[in-house]
Amino acid sequence: MDYFAAILFLFLYFVRLHDWVPYLSGLNVVKPAMILGGFGLLTRQRRTPGWKFMGTPHEWVLVAYLGFAVWMDLDWYGTFQDVFPLASFYFLTAYALNTEAKLAGFFNWWGFCVVFMGVVGALTVVGIDLTNAKDLIVAENGRLALNTYQMDNPNALGHTAVTGLVLIYMLLVFRRDVATRFLAIPLIMMVGLCVVSTQSKGAYLSGIAGLAGALLVGRKLWMQILVGCLLAGTLYIASSMLPRMVDRDQLRHDEGVMGRLLAFEAARTAYQTQPAGWKHFVATIKWQGQDETKATHSSYVQVGADLGPKGMFLYLSLLCCAFRSVITLRTDSDDLERCRRLIFALMVGLAVSGWMITRPYHAEYFLLAGAATAYHRLAVEHLKGIVPEFGVVEKMPEPDVPAAEDGKPVALAPQPEAEAQGAPVTPASPEPDAGEPQPARKFWTRYGFVDVATGYLALNFVVWFWDYIIENL
């Protein structure tokens with residue numbers, strides 16, 4: 001039931017069929033899924049070996065991040081109510097995906113939901129408007145949007161749909177047969193049409209980053225360098241032909257970009273002086289002599305302005321923990337390897353997308369972190385040779401061995417029947433010398449110095465790039 005609830009949440013989050021019906025739009029259907037998932041976790045079959053609660057570094061960082069957000073906010077109870085569902089999404093995902101098959105199935109359903117919405121977007125472009133998005137598209141000057149809560153503007157739709165290309169490649173192309181790969185072709189074309197029709201520059205860039213991650217991860221270093229250079233040149237040329245990318249050299253003079261830069265500056269001041277608290281920061285800028293509110297259009301900038309350096313450090317640390325798991329834990333399982341590369345590619349796309357869209361508190365961040373936590377546990381078990389069992393595990397009775405008075409086992413005497421028949425008795429050969437015992441591989445199980453250093457470096461890079469954008473864009 002917990003796994004069913006995790007899949008159900010994917011449908012409710014990405015597809016949101018209830019938003020397609022006018023009188024059901026906005027209906028809160030996530031809370032019942034959360035309750036169902038919690039009940040499923042408490043009543044599911046016993047797993048042997050069990051997963052210790054808070055047994056990974058990821059969980060401690062997640063709790064520290066959300067706990068810090070609650071602690072620093074004056075309205076701590078309201079903030080707790082806001083972060084509790086996010087923690088629930090994370091823990092449900094991390095513990096429901098307790099087999100390799102479930103982890104692989106989770107991403108299969110994730111891919112189905114995202115690609116389905118990409119196909120719905122492509123159908124909207126050709127005149128089949130399933131979500132009644134005509135008025136939204138007119139309001140956005142012809143840029144594609146869908147009439148759902150998560151995709152009601154072109155940038156939101158573009159950044160979500162472009163991950164469908166990564167999902168199609170990893171689920172239908174990577175290590176698949178020829179027939180399955182042919183199935184991927186029309187899906188790539190329709191999702192690509194949806195992404196291009198959003199005319200979202202950020203979606204193009206994050207999609208390029210995600211595809212590069214999917215194509216390069218797991219390859220040899222020299223191959224990564226060669227393919228990376230060829231891919232970068234090809235995609236740069238191709239991207240110059242996409243809508244709204246031909247004027248990228250004039251970004252500094254674009255009114256939208258100018259407004260974002262002013263919002264970046266206001267957020268930078270809040271980051272250094274007085275963070276606003278969880279979801280509280282709203283940039284107020286001077287535009288044509290009047291005060292106007294402006295969205296930050298950046299997950300990093302929003303978290304920095306809301307939670308300050310400490311909150312930003314914890315936000316980035318969870319990403320770093322997820323990256324460390326998928327980079328360092330490589331197995332010979334096709335399912336785990338596909339999931340490892342998929343998590344890595346989606347995380348790369350999320351990291352790049354974070355500079356162009358405000359989604360730090362959306363479910364994707366917590367779902368990916370939860371999937372990375374589940375992958376960490378499953379990969380460690382696989383590398384240790386542990387095969388989980390479910391239900392009541394009965395132990396086989398040990399054979400009775402006679403023992404002497406000192407407790408040591410007694411060697412069994414040869415059977416008299418064998419001697420009577422003249423059968424040769426082979427003397428026991430000595431045990432072969434096994435040599436020095438090989439040290440067991442140590443796995444990363446605690447948040448330590450390396451993780452602190454990695455989070456600190458990530459924090460300094462984000463702040464440096466933040467200042468670079470303000471000064472040079």
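Taking the numbered list (1) assigned to a helix (DSSP H, G or I); (2) over 19 Å from the mean Cα position of the chain (by Cα) in turn, LYS52 passes all entries but (1). Put simply, of ALA145, ALA139, ALA179, ALA96 the only residue that is modelled with pLDDT under 95, small (Gly, Ala, Ser), out of contact with any Ser or Thr (no Cβ under 8 Å at 6 or more places or on another chain) and crowded, with 23+ Cβ neighbours inside 10 Å is ALA96.
For the range 339-348, indicate whether the set of residues that are within 22 Å of ASP467 (Cα to Cα), more than 10 Å from the chain's Cα centre (by Cα) and not small (Gly, Ala, Ser) is non-empty. Within the range 339-348, none of the residues are within 22 Å of ASP467 (Cα to Cα), more than 10 Å from the chain's Cα centre (by Cα) and not small (Gly, Ala, Ser).
Of all residues in the range 312-340, those satisfying the criterion of being crowded, with 24+ Cβ neighbours inside 10 Å and either closer than 15 Å to TRP278 by Cβ or out of contact with any helix residue (DSSP H, G or I) (no Cβ under 6 Å at 6 or more places or on another chain) (or both) are MET312, TYR315.
For the range 346-392, filtering for residues that are of a type in the set (Lys, Arg) and in a helix (DSSP H, G or I) leaves 2. Taking the conditions (1) in contact with a Leu (Cβ under 8 Å, 6 or more places away or on another chain); (2) among the hydrophobic types (A, V, I, L, M, F, W, C); (3) more than 30 Å from LEU42 (Cβ to Cβ); (4) part of a helix (DSSP H, G or I) in turn, TRP110 satisfies each one other than (3).
Close Cβ contacts (under 6 Å, 6 or more residues apart or on different chains) running from residues in the range 351-370 that are under 17 Å from PHE281 (Cα atoms) to residues that are surrounded by fewer than 20 Cβ atoms within 10 Å (Cβ to Cβ) comprise THR358/ALA295.
Test ARG252 against the stated conditions and say whether it is assigned to a helix (DSSP H, G or I), crowded, with 16+ Cβ neighbours inside 10 Å and either touching a Gly at 6+ places or on another chain (Cβ under 9 Å) or modelled with pLDDT under 90 (or both). In short, no. If the condition is being in a loop (DSSP other than H, G, I, E, B) and of a type in the set (Lys, Arg), then the range 157-182 contributes ARG175, ARG176. When each of TYR77, TYR90, TYR65 is tested for being part of a helix (DSSP H, G or I), under 15 Å from PHE9 (Cα atoms) and hydroxyl-bearing (Ser, Thr, Tyr), the lone residue that passes is TYR90.
The values are calculated or read from the model by the stated rules, or taken from the named source; none is laboratory data. All values derive from a computational prediction rather than experimental measurement. Using ideal geometry, Cβ is built from the backbone for each residue, glycine included, and neighbour counts are taken over all protein chains shown.
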